[in-house]
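Report on the structure given below.
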Amino acid sequence: MANLLQTTVELTIGLFALLILTKVMGKTSFAQITPFDFISALILGELVGNAIYDNETRIGTILFSICIWGLLLYIIEWSTQKFRKTRKFFEGNPSIIIQNGHLNRKEMKRNKLDMNQLQHLLRQKDAFSVREVAFAILETDGTVSVMKKQKYDKPTYEDMKIKDKPVYLPVTFINDGIVDWENVKKAGLDEQWMKKQLIEHRIDHYREIFYLEWKYDEGVYIEKM
C-alpha cells in the first residue's frame, strides 16, 4: 500500500513539474519542431519515468532532475534567440529538396531522404506526383512544405474573380449543457439572445443542448443531447 501511495505521489508531482516547465519554456519548446525539441521531450519523459519506477529514487531527485534539465533548455533557448549563429547547430536549417520542379538530389542525400520517403511526404500534402510540385522544403521537424505548380494548385478567389468576403471564427457557447457566458459576452450577445435561441429551436433548457456553436455570418449550430 505504501508503494502504491508513493508511486501516486511521484506521478502527480512529476506531471505538475512537467506542466510548469512547459509553461515556463513556452509551447513551441515541446512541439518537436526541431530535432533538439524532440530530444528534450524524450529526455524529460525518461527522467520522470525512470525516477518514478526506481525505488531508490526520491521525489527530490525527480524535481532536481527536471529543474536542471529545464535550466539547460532555458539557456539554450535564450542563446538561440540572442545569438543567431547558434540556431543552425541547435535547430537546424530547412532544405529545398525540389526547386523549380526538379529534384535536388544533393539535398536529398544530405538529409538521408530516399524517393519513397519523399513521395510519402508529398502525398501527405495532396501532391501525388513530383511533377505537380514547383518547390518542396524539408522542414526541421521532418515534414515537407509544398508549393504546387500553378496548373496543379487549387484556384484562388482572385483566379476565379470572386469578391473577397470577411472571414469569421466560430465560437462555442454551450458544451455538454454548460453555457460559456464569457464567450457569449465577448460576441456582443446576452442571456436574452440565448433564451430566444432556445425558444426558436423548441428547447426548454440549456442542459438539453450538447453543443452550440455560433458564427457571425451563419448563426447558430446546435446538437441536442
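Throughout, read-outs are computed from the coordinates displayed, never taken from laboratory work. None of these values were measured; they are calculated from a predicted model. No Cβ is skipped: glycine too gets one built from the backbone with ideal geometry, and neighbour counts run over all protein chains shown.
Figures for the structure shown
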{"read-out": "For the stretch 143-225: rounded, prolate or oblate by the Cα gyration tensor [a/c cutoff 1.5]", "value": "prolate"}
{"read-out": "Projected area, mean over directions - the stretch 70-191, Cα convex hull, nm²", "value": "14.5 nm²"}
{"read-out": "Label-point separation, Asn111 to Ile137 (7 Å along Cα→Cβ), nm", "value": "1.1 nm"}
{"read-out": "Simple Cβ-charge dipole of the stretch 168-225, Lys/Arg +1 and Asp/Glu -1, about Cα centre, in debye nearest 20", "value": "100 debye"}
{"read-out": "For Ile97, net neighbour charge (Lys/Arg +1, Asp/Glu -1) across residues whose Cβ lies under 14 Å away", "value": "+3"}
{"read-out": "Lys, Arg +1 and Asp, Glu -1 on Cβ, resulting dipole of the stretch 120-225 about Cα centre, debye, nearest 20", "value": "540 debye"}
{"read-out": "Dipole of the stretch 128-225 [Lys/Arg +1, Asp/Glu -1 at C-beta], most positive-end residue of Leu212, Tyr157, Gly188", "value": "Tyr157"}
